[in-house]
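To keep things clear, I will list the structure first and then write my remarks on it.
Please treat every number below as a calculation from the coordinates, not as lab data. Values in this document were obtained by computation on a predicted structure and should not be read as measured data. With ideal geometry, Cβ positions are generated from the backbone for all residues, glycine too; neighbour counts draw on all protein chains shown.
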Amino acid sequence: MSNLPNSIIRLVPPSLRGGYCPDSWQEFANELVCGTQAQHSASRGTTFYNFGNQSPYPPAVPTPAPCTYDLLIDVEPSATDFSNKIGWVSVNALEPASGITEISFGASGNLEESYSIAFNPGVTKVSWPNATSHNGDSTSSNSFSIQQMPDLVELHFDLLQTLARRIRVWSNPSLSSISMPSLVFVGGTPLLDYLYFDIKNNGSLTDIDLGSFTPDDSVNADFSNNALNAATVNHILARFVANASWSVFPWDNRTLNLSGGTNAAPTGQGLIDKATLIARSATVLTN
């Protein structure tokens, strides 16, 4: 398949596994439809939905059935030039038989899209290897939302340096590591009481590499109910201490939650850093 005549949609056919032999014509048809990718190219002001006529908010996940997946792409109209930005990219409830084990987004430079990845069994790795920043906008509090991925083990943001909206990573029971080694700054337009780091309820998550980031004064963060090792807990505390004005008036009483689950208690310098933050009127919760 190639570009459809006078169309903005390009269909990319699947590669069927070696020795593939369907039990029925219907199975063969399902394999073709489920495996075909639709690539969109559109100008600002156009919206695409693969279901219904819904607003570009996190969509409901359909009841599991053959080919139940969700790909929502929205190019939002605006009086401001956002360089043809896409508003929502959602990849939810991929068919397990698809054999997909990795989801990788190749977009480079600054991102403005909100990404939602959820309910994808069999996927063990999700990554944004080329993105360097995420500025977002006022249409969503989330930059990245990755949740309820039963087999996800690794989450990578290899080159990401700045994050101006929230990263939400919830309830991924097999997730063991999050890598953001290039991160240097988190914050931007204040989100009131929104959490910039909302990384919780990941029962196997022991390690989060947050690089040398410094939080903005207004940042709240929740790393509760994970399995963070002491080195990670200490590192997170140190990075919040690195901004001497974090949780200081007018953004006093900010919260950093490292409690619950099997998160390790802070040790050594981590205990000193916790006391320093509390002295700055922050609420710091640890095991």
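Results, tabulated for the structure shown:
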| item | result |
| --- | --- |
| Ordering of 121-132, 249-260, 166-177 by burial proxy (mean other Cβ atoms within 10 Å per residue, highest first) | 166-177, 121-132, 249-260 |
| Distance in nm between pseudo-label sites at ASN130 and THR255 (7 Å out along the Cβ direction from Cα) | 3.9 |
| Potential extension, GLN269-ASN229 segment - 0.36 nm per residue separation minus Cα distance | 12.9 nm |
| Extension reserve of the ILE278-ASN110 stretch, reckoned as 0.36 nm per residue once the Cα distance is removed | 57.0 nm |
| Environment charge at SER247 (Cβ cut-off 12 Å; Lys +1, Arg +1, Asp -1, Glu -1) | -1 |
| Likely footprinting exposure, GLU112, GLU102, GLU154, fewest C-beta neighbours within 10 Å first | GLU102, GLU154, GLU112 |
| Computed lengthening from GLU102 to TYR20, 0.36 nm per intervening residue step minus Cα-Cα distance | 27.4 nm |
| Within-14-Å neighbourhood charge of VAL126 [Cβ basis; K, R +1; D, E -1] | -2 |
